Amino acid sequence: MSLTDRQLNFISKQDAYDGKAEISDGEGLVVRITPQAKIYFDYRCRFNKKSLRIRIGKYPVTSLKEARRKHKLMMELRESGRNPNIALTGELEFITLDDCVAYWLKHYVPQLKAGTQALYRSFAKNYLIGAFPERNVETIPAREWMQWLDTISLDKPKTANSLFTKLRACLNFCKSKFIIEKTDLDRIKRQHVGKAPEVVLEYQRFQNSA
């Protein structure tokens, strides 16, 4: 049975509440009611094989109509494979890392030699795609970029270093095409990521001795 404004308004005006702690409006939209008669709208669902409980708002600041509107948007986002949480941030239109990688692979990588193309596509498939799903690539903090690269570096320090250069090339290309403006990856230096391949180390030693 669906919720009604009359029902919620009546409960919210009480000093105490001893009824059901949770009432469903259907399709994952529920209200949680505290013993003090405080009412909260939540959306319960599964996303990426994990259970989510997303706080939509508190009644009556968030009305039943508004909660249903946000709930519908969350369901649409989830069904399209996007995290329903972003319905609360207002950032419904943004560029993800996956978007950048796809653009780079389509518009830049095909110009390279066949072997280089294969290498770049391998890095994209094994490391880049899906690394930060449903995240605005322009707002991922440097700390998270570094933690991600450090995790890879634990077992594959040279791979992490090489991955960083390819990731930087990808994002720089997207910036040159005005797909994005900037990212926090720019704050990270290559020498701080993993271990550089021997050919790079030799070149650096040559430069230092020259």
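The values are calculated or read from the model by the stated rules, or taken from the named source; none is laboratory data. Here the structure is a predicted model, which means the values were calculated and not measured. Methodologically, a virtual Cβ is constructed for each residue, glycine included, from the backbone with ideal geometry; neighbour enumeration extends over all protein chains shown. What goes into the accessible areas is simple: the full protein's heavy atoms, side chains included, and nothing from ligands, DNA or RNA. Shrake-Rupley method; radii C 1.70, N 1.55, O 1.52, S 1.80 Å.
Please work out which one of (1) among the aromatic types (Phe, Trp, Tyr); (2) at pLDDT below 95; (3) open to solvent by 40 Å² or more (accessible area, probe 1.4 Å); (4) under 20 Å from the mean Cα position of the chain (by Cα) is the condition PHE178 fails and give its number.
(4) is the only condition that PHE178 fails.
Sort through LYS20, LYS38, LYS72, LYS65 and tell me the only one that's farther than 20 Å from LEU88 by Cβ and open to solvent by 20 Å² or more (accessible area, probe 1.4 Å).
Answer to the selection: LYS20.
Among the residues of region 32-48, write down those that are in a strand (DSSP E or B) and among the basic types (Lys, Arg).
Those that are in a strand (DSSP E or B) and among the basic types (Lys, Arg): ARG32, ARG44, ARG46.
Which of (1) part of a loop (DSSP other than H, G, I, E, B); (2) within 23 Å of PHE47 (Cα to Cα); (3) not polar (S, T, N, Q) does TYR127 not meet, given it meets every other one?
Condition not satisfied by TYR127: (1).
Answer with yes or no whether LEU163 is open to solvent by less than 80 Å² (accessible area, probe 1.4 Å), farther than 29 Å from PRO84 by Cβ and either at pLDDT below 95 or not polar (S, T, N, Q) (or both).
It is true that LEU163 is open to solvent by less than 80 Å² (accessible area, probe 1.4 Å), farther than 29 Å from PRO84 by Cβ and either at pLDDT below 95 or not polar (S, T, N, Q) (or both).
If I filter region 92-112 down to residues being under 11 Å from the mean Cα position of the chain (by Cα) and touching a residue at least 40 places away in the same chain (Cβ under 8 Å), which single residue comes out as surrounded by the fewest Cβ atoms within 10 Å (Cβ to Cβ)?
It comes out as PHE94.
Which residue, of ARG205, ARG168, is part of a helix (DSSP H, G or I) and modelled with pLDDT of 95 or more?
Being part of a helix (DSSP H, G or I) and modelled with pLDDT of 95 or more holds for just one of ARG205, ARG168, which is ARG168.
Within region 2-21, does at least one residue satisfy the condition of being under 27 Å from SER80 (Cα atoms) and touching a Phe, Trp or Tyr at 6+ places or on another chain (Cβ under 7 Å)?
no
Name the pairs: first residue in region 120-145 and touching a residue at least 24 places away in the same chain (Cβ under 8 Å) and within 13 Å of ASP99 (Cα to Cα), second residue among the charged types (D, E, K, R) and in a loop (DSSP other than H, G, I, E, B), Cβ to Cβ under 9 Å, at least 6 apart or on different chains?
Going by the 9 Å Cβ cut-off, the qualifying pairs are PRO133/ARG82; GLU134/ARG82; ASN136/GLU91; GLU138/GLU181; GLU138/LYS182.
For region 51-65, give me each residue that is under 14 Å from LYS38 (Cα atoms), out of contact with any Asp or Glu (no Cβ under 8 Å at 6 or more places or on another chain) and in a strand (DSSP E or B).
Correct list: LYS58, TYR59.
Which condition number does ASN161 fail, the rest of (1) free of Cβ contacts under 8 Å to residues at least 24 places away in the same chain; (2) farther than 19 Å from LYS175 by Cβ; (3) not small (Gly, Ala, Ser) being met?
Every listed condition holds for ASN161 apart from (1).
Only one of these conditions is not met by GLY115: (1) open to solvent by less than 60 Å² (accessible area, probe 1.4 Å); (2) part of a loop (DSSP other than H, G, I, E, B); (3) out of contact with any helix residue (DSSP H, G or I) (no Cβ under 8 Å at 6 or more places or on another chain). Which number is it?
(2)
Do the conditions hold for VAL199, that is, is it over 30 Å from ARG78 (Cβ atoms), β-branched (Val, Ile, Thr), loosely packed, with under 14 Cβ neighbours inside 10 Å and at pLDDT below 95? Before the answer, list the steps.
Details: over 30 Å from ARG78 (Cβ atoms): yes; β-branched (Val, Ile, Thr): yes; loosely packed, with under 14 Cβ neighbours inside 10 Å: yes; at pLDDT below 95: yes.
Yes, satisfied.
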